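The next block holds one structure in the form of structure tokens; read it before the comments.
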Amino acid sequence: MTTETAPPDLRMTSDVGRYTIARSFEVTARSITAFAGGVSDFNPVYFEDDRPGGLIAHPGMVFSWQWNSRFTPDVEYPLELVRRGVHAWVDVQFERHAREGDVISSQGQSVAVKQVKPGVLSAQHFTFRDSQGETIAIMDTGGITRGAELDGDEAEIASAPPLPQRSTESGEPVWSTTFPIDPQAPHVYTECADIWNPIHTERKVALAAGLPDIILHGSANILIALREVINRSLDGDPTRVRRFAGQFRGMIIPGTDVTVNALEARDEGDREIVFYEMRNHLGESAIANGVVVAS
């Protein structure tokens, strides 16, 4: 009797405890306005650069900082593993929101690895600090390497704190909005956010990966939903956001409609919690179990 094992280029060795490179990013008016424009978020706090105190950084800029500090040059990953990676979930907590003039350093650490049915689930913890060393925000995020096999033991050294849970799973949405995603949205977001993966912008690459077309970035999806929550439930004030989270599920095809639903809004006195979801043009879940915690 023989036991089947994954080929070498589909076996993953645990890197729990290892840190990524550290990088610093200057928060400028140009970077703020470009990022906000990349998700069609035209809130004046990201564009009126003559306002007292300067511009407020878009909360989604943490994705750009994370993406560009995710590298571990001392570890070589087979290309096939890289190609099979998909974003699974994200949870971001803010101590304060970055502003124009800040210099933000970003570094991540691998904190968990686990074998699951679709492949290997891995989690990372990123910390974003200002030039005084004070924490601006933290990001816990995870992904699945489809079809991979863990070479070694499962491990976990840290995890995000539990998220608030909905009071009920039934009832009509607090609000619902449906709108189109521009056909060029992935190309605009890629350049404005400095987050590039060719499955989002090059159709032949997307088709070769088994996708029906180019798809919008998962981070863009969740930020479009966050935009709607801020504008509709938080008086258009992004600085009220203390935490946002969501799970990446289905695909958003550029040129189609999406729907964002606020499933519940709960006032707990010192904080407000909005539970949301995003669905694609087929009614399939794109962002599930979305939560925004606000002051």
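The values are calculated or read from the model by the stated rules, or taken from the named source; none is laboratory data. Bear in mind that the values here come from a model prediction, so they are computed numbers and not experimental data. Here the Cβ positions follow ideal geometry from the backbone for every residue, glycine too, while neighbour counts run over all protein chains shown.
Odds and ends about this structure:
- One residue stands out in segment 5-35 among those that are without any contact (Cβ under 8 Å) to a residue 40 or more places away in the chain and out of contact with any Asp or Glu (no Cβ under 8 Å at 6 or more places or on another chain): the one that is nearest to Ser69 (Cα to Cα), namely Ser31.
- Near pairs, Cβ below 7 angstrom, 6+ apart or cross-chain, from segment 49-71 (of a type in the set (Phe, Trp, Tyr)) to any residue that is in a loop (DSSP other than H, G, I, E, B): Phe63/Ile195; Trp67/Ile195; Phe71/Thr20; Phe71/Ile21
- Inter-residue pairs, beta-carbon under 6 Å, first over 16 Å from Lys117 (Cα atoms) and in segment 82-97, second hydroxyl-bearing (Ser, Thr, Tyr) and in a strand (DSSP E or B), 6+ apart: Val90/Thr141; Glu95/Thr135
- The residue of segment 53-83 that is modelled with the lowest pLDDT, among those that are under 15 Å from Asn197 (Cα atoms) and in contact with a helix residue (DSSP H, G or I) (Cβ under 6 Å, 6 or more places away or on another chain), is Glu80.
- Annotation note: of Glu264, Glu277, the sole residue that is in contact (Cβ under 8 Å) with a residue 60 or more places away in the chain and part of a strand (DSSP E or B) is Glu264.
- Residue match in segment 101-109 (condition: in contact (Cβ under 8 Å) with a residue 40 or more places away in the chain and touching a His at 6+ places or on another chain (Cβ under 6 Å)): yes
- Which listed residue, of Gly54, Gly60, is more than 21 Å from the chain's Cα centre (by Cα) and either surrounded by fewer than 19 Cβ atoms within 10 Å (Cβ to Cβ) or of a type in the set (Gly, Ala, Ser) (or both): Gly54
- Per-region count, segment 184-201, residues of a type outside the set (S, T, N, Q), outside any helix (DSSP H, G or I) and in contact (Cβ under 8 Å) with a residue 12 or more places away in the chain: 2
- Flag for Thr127 being surrounded by 14 or more Cβ atoms within 10 Å (Cβ to Cβ) and within 23 Å of Asp9 (Cβ to Cβ): no
- Taking the criterion of being in contact with a Leu (Cβ under 8 Å, 6 or more places away or on another chain) and of a type in the set (S, T, N, Q), the residues of segment 14-53 that qualify are Ser14, Thr33.
- When residues of segment 159-183 are limited to those that are in contact (Cβ under 8 Å) with a residue 40 or more places away in the chain and among the small types (Gly, Ala, Ser), the one surrounded by the most Cβ atoms within 10 Å (Cβ to Cβ): Ala160
- Checking Val120, Val62, Val116, Val75 one by one, the residue that is within 29 Å of Pro183 (Cα to Cα), outside the structural domain of Glu228 (by TED's automatic domain parsing) and not charged (D, E, K, R) is Val62 and no other.
- Segment 259-295, subset out of contact with any helix residue (DSSP H, G or I) (no Cβ under 7 Å at 6 or more places or on another chain) and among the hydrophobic types (A, V, I, L, M, F, W, C), residue farthest from Arg240 (Cα to Cα): Leu282
- Residue match in segment 210-229 (condition: assigned to a helix (DSSP H, G or I), charged (D, E, K, R) and either surrounded by 14 or more Cβ atoms within 10 Å (Cβ to Cβ) or touching a His at 6+ places or on another chain (Cβ under 6 Å) (or both)): yes
- Answer from Val82, Val86, Val45 - the residue that is β-branched (Val, Ile, Thr), in a strand (DSSP E or B) and either surrounded by fewer than 17 Cβ atoms within 10 Å (Cβ to Cβ) or outside the structural domain of Val291 (by TED's automatic domain parsing) (or both): Val86
- All positions within segment 109-121 that are in a strand (DSSP E or B) and more than 16 Å from Ala155 (Cβ to Cβ): Gly119
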